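Colleague: Got a structure for you, questions after.
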Amino acid sequence: MEDMSLNEEQKLPVLDTEGAVLVLAGAGSGKTRVLTARIAHLVEDLFVPPENILAITFTNKAAKEMKERLYSVTETERMWVSTIHSMCVRILRMYAEKRGLSPNFSIYSEQERVAVVKQICRDRQIDDEALLKKIKWHISNAKMLALPPEAYRVRNAFEREIDEIIAIYREYTERLRKNNALDFDDLLIEARALLSEDAEVREYLAGKFRYVHVDEFQDTNAVQFDLVKLLSSVHGNLFVVGDDDQSIYGWRGAEIGNILHFERSYPAAKIYKLQQNYRSTKAILSLANASIGHNAMRKGKTLWTDNASGDKPVYFEAEEEAGEALYCARIIAEMKRSGYRLSDFAVLMRINALTRSYEQEFTKYGIPFRVFGGFRFYERKEVKDLLAYLRIVSNPFDDEAIQRIINVPRRGIGERTIDALREYAEREELSLYDAVLDADRLSLSEAAKARVRAFGSYLKELVVMAQEATVNELTDYLAETSGIYEMYWDGTDEGAAKRANLDEFRNSVEEFVRMNPDAKLDDYLQQITLYSDTDGMEEGDYVTVATIHAVKGLEFRCVFLCGLEEDVMPTSRASDSAEKLEEERRLMYVAITRAKEKLWLTRSKSRYLYGRREATVRSQFVEELRGELGIAEERAYRGYGTGYGVGFGGVQRVGRASDFRSDDAGLYTYGTKGGRERPPARFGNIGNPLSSAPASAGEKDLSRYETGVRVRHPRFGEGTIVATRGAERNLIVTVSFDAAGNKDLAAALAPLEILG
């Protein structure tokens with residue numbers, strides 16, 4: 001076995017190769033190393049052929065990493081190492097005809113699913129937005145539960161408008177079949193049906209895979225676990241790795257019971273625990289253990305480490321979200337001057353809606369950042385449009401793709417023409433592609449027929465070209481001839497950004513072809529459709545701003561965990577459910593254990609969210625950690641704005657982002673505007689990020705930032721300083737920008753250029 005520096009805990013499951021094995025792998029305990037070492041042991045020491053090994057991961061990034069680690073050990077192209085969805089696609093393409101499909105079936109993302117549902121509702125003249133939202137939710141729920149229309153009707157017989165919902169669900173299913181398409185959930189459902197109903201297929205695949213490995217087992221749902229059982233049904237050698245304390249996908253069907261009750265399915269299973277953490281300091285692990293210890297539904301383990309004790313996590317409260325974001329910006333700026341890279345920092349939050357204040361403050365101060373957990377690159381409209389053309393070339397039966405781009409760019413084909421095409425296709429039992437090619441037989445004006453005919457000729461040209469051209473040649477031709485680029489030559493920044501996205505899309509195709517020279521268009525489309533959140537996190541020197549869900553499996557030297565308020569973290573949906581509350585606490589645990597060296601936990605006393613500003617309540621998860629965080633009893637004193645404030649031992653409190661000033665000790669305080677001055681607030685173990693200590697080499701001279709001085713900001717343009725307050729490195733300037741209006745900026749941080 002390749003020497004992978006395994007500890008004693010890790011060696012035991014690696015060498016235990018027969019039968020069912022469950023490995024409870026704590027955060028940062030080296031589970032990927034264990035999985036890789038086990039496969040290497042099977043191939044190198046036990047001489048198992050690579051094609052007899054299956055390894056299922058939950059992200060493309062994890063599958064790629066595992067293949068790279070195994071590359072020096074075995075022929076990875078002979079081994080099945082992939083996400084579970086990619087595995088199902090591969091199986092279904094092998095046996096498509098057994099499920100009534102063509103091998104080139106399309107895969108619909110959530111956006112395409114919604115587009116089909118909306119079209120069905122329009123056809124049925126349903127324009128009630130509340131009902132449409134309800135229908136989308138029920139179809140998604142039914143798919144997650146793997147229930148066909150009638151079974152779902154029985155389970156939800158009490159639901160109002162269930163007949164309408166089921167009728168639309170049934171039609172949705174029929175349209176996907178007609179389009180030779182499957183959605184994400186169908187990939188799992190159809191693969192399970194194939195394996196459970198076809199003994200010959202099941203025995204072949206389960207016989208082929210002598211050793212089945214599953215990563216992130218705590219994230220499997222009922223259908224996925226069934227698939228794993230079916231694929232390991234011949235040899236019974238099933239090796240699953242997961243962490244019940246990191247099960248955070250219950251909202252999309254993950255069953256924590258799969259890992260908690262694994263022994264019910266496999267009574268003879270051997271269970272191992274990996275508890276030594278290689279990622280975090282002792283102080284961070286102490287906080288993580290204290291937090292997750294409040295959960296009752298868990299197997300139970302305690303992380304430990306030989307790493308240094310490290311700095312204690314710091315808890316901070318701001319008056320409002322701008323102050324919370326500025327606090328993060330100032331610490332990042334100070335630590336960058338002391339040698340940290342921006343990529344060492346992550347700002348994590350429960351919901352994507354909280355990113356706005358961080359985007360705003362980081363932009364003000366020229367701190368490069370990227371936001372993850374919102375729209376992904378391949379979900380942007382201009383990219384989806386280009387992809388739709390490629391989908392049609394790959395699968396002409398894809399009616400949703402035809403409808404998406406039949407008038408993109410605008411070619412004078414309106415709704416009446418599209419309705420005529422759809423009516424003709426339905427009457428003649430044809431696809432929309434065939435209807436477009438039959439333009440001369442449509443009940444349309446000659447001008448409309450000519451426009452449809454031209455569109456059809458262009459699609460035929462692409463289909464013919466695809467028979468000989470490589471994927472990148474086809475994509476380049478499509479980009480240059482479709483007119484999509486010209487749509488965005490409007491002189492705006494938005495248009496330029498969209499063209500840049502189209503260029504980046506072409507780059508992605510080039511890279512794919514370079515890495516997979518023999519791959520076909522279907523292979524590329526499959527990879528893109530099954531793309532996951534963390535797959536887009538390419539390397540670069542920027543601060544990561546992300547939802548906690550988006551960074552699971554990643555790690556950072558420094559982490560800010562923000563928005564620790566009731567109804568945010570934990571979410572309000574957990575208030576009446578013990579199970580949901582425990583999942584929220586597991587999310588807290590995941591966030592804490594992303595940090596390697598330093599951790600800050602923050603909240604705002606008031607927050608503008610969902611259209612209004614409201615006072616917030618400190619998260620119960622923070623209250624559970626009062627001892628760990630050094631939060632003392634609250635004490636009242638005369639404070640800023642409202643007359644009274646509260647202070648904590650070891651807790652930092654500040655006011656609004658614009659009220660910072662410097663005192664003799666070089667610590668942040670803020671004025672009380674008539675009230676008694678607040679005691680200085682220390683900023684944890686790194687001291688004051690913008691203290692009046694001597695400036696480091698290369699720091700800018702702040703003496704010229706005076707009222708009346710003209711300045712330029714890279715984002716806001718030119719403006720005039722109209723007011724200043726504070727002193728030295730805590731100098732705040734108010735700039736009246738010619739186009740962007742007034743902005744309060746910390747002079748030491750803001751990328752301001754003095755003009756003249």
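Colleague: Any idea what angle helix 162-178 forms with the longest principal axis of the chain, computed on alpha-carbon atoms, 0 to 90 degrees, nearest 10?
Modeller: The answer is roughly 60 degrees.
Colleague: Still on this structure: Projected onto the charge dipole of the chain (+1 at Lys/Arg Cβ, -1 at Asp/Glu Cβ, origin at the Cα centre), which of Phe369, Pro267, Gly456 gives the Cα projection farthest towards the positive end?
Modeller: In the chain, that residue is Phe369.
Colleague: Mind checking the dipole of the range 143-258: about its Cα centre, +1 per Lys or Arg Cβ, -1 per Asp or Glu Cβ, Debye to the nearest 20?
Modeller: Taking the Cα centre of the range 143-258 as origin, the dipole is about 320 debye.
Colleague: Are there GluC sites (Glu not before Pro) in the range 71-107 that DSSP marks as loop and that have at most 15 other Cβ atoms within 10 Å, and which are they? Working shown, then result.
Modeller: Working: sites: Glu75, Glu77, Glu97; in loops: Glu75.
In loop regions of the range 71-107 (DSSP not H, G, I, E or B), the sparsely surrounded GluC sites (Glu not before Pro) are Glu75.
Colleague: So for each of 592-602, 134-144 I average, over its residues, the number of other beta carbons within 10 Å; can you give me the resulting order with the highest mean first?
Modeller: The peptides rank, most packed first, as 592-602, 134-144.
Colleague: ³J(HN,Hα) across the range 208-213 via Karplus (A = 6.51, B = -1.76, C = 1.60, θ = phi - 60°), whole Hz, x for Gly/Pro?
Modeller: 5, 8, 6, 9, 10, 10
Colleague: To continue, here is another question. Please report the antiparallel percentage of DSSP beta bridges with both residues in the chain, rounded to the nearest 5. Intermediate results must be reported in sequence, preceding the final value.
Modeller: Working: 31 of 82 bridges.
Antiparallel: roughly 40 percent of the beta bridges in the chain.
Colleague: Give me the distance between the Cα centres of the range 99-174 and the range 21-69, rounded to whole Å.
Modeller: The range 99-174 and the range 21-69 have Cα centres spaced 37 Å from each other.
Colleague: Using the Cα centre as the reference, give the magnitude of the dipole from point charges on the C-beta atoms of the chain (Lys, Arg: +1; Asp, Glu: -1; all else neutral), rounded to the nearest 20 debye. Present the calculation step by step, with values, prior to reporting the outcome.
Modeller: Values: 105 positive and 120 negative charges, 411 e Å.
Once rounded to the nearest 20, the dipole reads 1980 debye.
Colleague: What's the ranking of 216-224, 705-713, 188-196 by average number of surrounding C-beta atoms within 10 Å, highest first?
Modeller: Details: 216-224: 23.7, 705-713: 15.7, 188-196: 21.2.
Output ranking for 216-224, 705-713, 188-196: 216-224, 188-196, 705-713.
Colleague: Pull up the cross-link candidates among the aspartates and glutamates for Lys336, meaning alpha carbon to alpha carbon under 16 Å and not fewer than 8 places away within one chain.
Modeller: Counting by Cα, and skipping residues close in sequence, Lys336 has these aspartates and glutamates nearby: Asp344, Asp541, Glu597, Glu699.
Colleague: Please compare each pair in Lys67/Lys229; Lys552/Lys598; Lys31/Lys67 to a cut-off of 22 Å on the Cα-Cα distance and tell me which ones are over it.
Modeller: Pairs exceeding the cut-off: Lys67/Lys229.
Colleague: What does the highest-first list of 180-187, 379-386 look like by mean Cβ count within 10 Å?
Modeller: Details: 180-187: 22.2, 379-386: 18.0.
Ranked from most to least packed, the peptides come out as 180-187, 379-386.
Colleague: Taking +1 at the Cβ of each Lys and Arg and -1 at the Cβ of each Asp and Glu, which of Val117, Ser343, Ala333 sits farthest along the dipole of the chain towards its positive end, judged by Cα position relative to the Cα centre?
Modeller: Ala333
Colleague: So what is the 222 nm mean residue ellipticity for the chain from helices alone, if each DSSP H run of at least 4 adds -39500 (n - 2.57) and you divide by all residues, rounding to the nearest 500 deg cm²/dmol?
Modeller: On the way: 28 runs with 306 residues, N = 756.
Here the helix-only value at 222 nm equals -12000 deg cm²/dmol.
Colleague: What whole-number distance in Å separates the alpha-carbon centres of the range 305-342 and the range 396-452?
Modeller: 57 Å
Colleague: Can you tell which of Leu285, Gly323, Trp304 lies farthest toward the positive end of the dipole of the range 217-333, using +1 and -1 charges on the Cβ of basic and acidic side chains (Lys, Arg; Asp, Glu)?
Modeller: Ranked along the dipole, the leading option is Trp304.
Colleague: For the range 162-237, evaluate the Debye formula with one uniform point scatterer on each Cα (no solvent term) and list log10 I(q)/I(0) at q = 0.12, 0.18, 0.19, 0.25 Å⁻¹, rounded to two decimals.
Modeller: Scattering profile of the range 162-237, log10 relative to I(0): -0.46, -0.82, -0.87, -1.12.
Colleague: To the nearest 10 degrees, how steeply does helix 129-144 sit against the main Cα axis of the chain, on a 0 to 90 scale?
Modeller: The two axes meet at around 70 degrees.
Colleague: Let me ask something else about it. Treat each spin label as a single point 7 Å out from the Cα along the C-beta direction, and report the Asp576 to Glu77 distance in nm.
Modeller: 5.7 nm
Colleague: Give me the angle, in degrees from 0 to 90, between the Cα long axis of helix 184-197 and the longest principal axis of the Cα atoms of the chain, rounded to the nearest 10.
Modeller: Rounded to the nearest ten degrees, it is 50.
Colleague: Ok, one more. Provide the per residue accessible area, probe 1.4 Å, for the chain, rounded to a whole number of square angstrom.
Modeller: Numbers: 32470 Å² over 756 residues.
Per residue, the chain has an accessible area of 43 Å².
Colleague: Give the carbon-plus-sulfur fraction of the accessible surface of the chain in %, rounded to a whole number; probe 1.4 Å, heavy atoms of protein chains only.
Modeller: On the way: 15690 of 32470 Å².
Carbon and sulfur: 48 percent of the exposed surface of the chain.
Colleague: Still on this structure, please answer the following. Mind counting lysine pairs for me in the range 90-200? Cα separation below 21 Å, and the two need to be 8 or more apart along the chain or on different chains.
Modeller: Step by step, the pairs that qualify in the range 90-200 add up to 11.
Colleague: Assign one of three labels to the range 58-132, namely rounded, prolate or oblate, based on the Cα gyration tensor with a ≥ b ≥ c the square roots of its eigenvalues; rounded applies when a/c is under 1.5, prolate when it is not and a/b is larger than b/c, and oblate otherwise.
Modeller: Working: a/c = 5.71, a/b = 2.20, b/c = 2.60.
Because a/c hits 1.5 or more and a/b fails to exceed b/c, the range 58-132 counts as oblate.
Colleague: Turning to a different aspect of this structure: Each residue of the range 494-503 in order: what ³J(HN,Hα) in whole Hz does its phi give by Karplus 6.51 cos²θ - 1.76 cosθ + 1.60, θ = phi - 60°, with x for Gly and Pro?
Modeller: Rounded to whole hertz, the list is 5, x, 5, 5, 5, 5, 4, 5, 5, 4.
The values are calculated or read from the model by the stated rules, or taken from the named source; none is laboratory data. None of the values given here were measured: they were computed from a predicted structure. When we count neighbours, we look across all protein chains shown, and the Cβ atoms used for this are built from the backbone with ideal geometry, even at glycine. Accessible surface is based on the protein model in full, side chains and every heavy atom, while ligands, DNA and RNA are left aside. Shrake-Rupley method; radii C 1.70, N 1.55, O 1.52, S 1.80 Å.
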